[in-house]
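Everything on this sheet refers to the single structure shown next.
Any read-out appearing in this document is the output of simple, stated calculations on the displayed coordinates, not a laboratory observation. What you see is a predicted model, and the numbers here were worked out from it, not measured in a lab. Cβ coordinates were reconstructed from backbone atoms using ideal geometry, including for glycine residues, and neighbour counts include every protein chain displayed.
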Amino acid sequence: MESVASLLARTSDRLIIDAVERLYEEDAGGGYAKVLMKLRSLDPRPTVMNVRLSREWSLDDTPEPFVDVSGEVMGDATRYAIEFTPWAEWLSMAVFIDNELKPIPDADVIAHVLYEITWGGWTEEDAQETVAELNLAHTEAMDELSSCVDVDKD
């Protein structure tokens with residue numbers, strides 16, 4: 001199975017940026033170019049996580065198909081959110097593509113991966129700030145929920 005790094009190594013930035021723009025209907029210029037440059041400068045770091053691309057359906061009134069990018073560990077049926085995974089680990093992840101998406105061009109695979117990687121921001125530091133904000137919001141919500149629950153039992 002191929003890794004994100006091997007797909008990235010043989011796919012040009014122009015093809016990847018064009019794929020992001022086509023698949024996600026957004027301007028993929030500067031931010032994605034910087035992320036690609038950063039990814040190309042990193043050494044892959046081992047991880048047990050793999051990347052799985054699968055077709056899923058939106059929960060809209062008229063469901064629309066989309067490509068879900070999730071993490072998986074061999075032998076574990078759980079799908080993991082991996083958007084905050086260190087980028088060097090993404091590079092070493094093997095890529096698995098569900099049959100209903102095949103054949104899929106390498107540029108499209110990397111475009112889907114890039115979209116997921118950048119969900120939390122254009123840098124790993126931005127992503128870590130997003131994690132901290134989400135953790136704080138979760139903590140505050142749990143504190144508020146706890147204050148609403150009567151824990152006194154007679």
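So what J values fall out for segment 106-120 if you push phi through Karplus, 6.51 cos²θ - 1.76 cosθ + 1.60 with θ = phi - 60°, rounded to Hz, Gly and Pro as x?
Going residue by residue, I get 3, 4, 5, 4, 5, 4, 5, 5, 4, 4, 5, 4, 8, 4, x Hz, with x marking Gly and Pro.
Can you tell which of 105, 65, 44 shows the greatest fluctuation in a Gaussian network model of the chain with Cα springs below 10 Å?
Ranking 105, 65, 44 by mean-square fluctuation puts 65 first.
Tell me which of 6, 142, 77 sits at the most positive position along the dipole axis of segment 4-148, charges placed on C-beta atoms (Lys, Arg +1; Asp, Glu -1).
6
Modelling each spin label as a point 7 Å along the Cα-to-Cβ direction, I'd like the residue 21/residue 100 distance in nm, to one decimal.
Label at residue 21, label at residue 100, 3.0 nm between them.
For the chain, modelled as a GNM with alpha-carbon contacts under 10 angstrom, which of 91, 15, 114 fluctuates the most?
15
Pairing the Cα long axis of helix 30-41 with the longest principal axis of the chain, what angle in degrees results, from 0 to 90 and rounded to the nearest 10?
80 degrees
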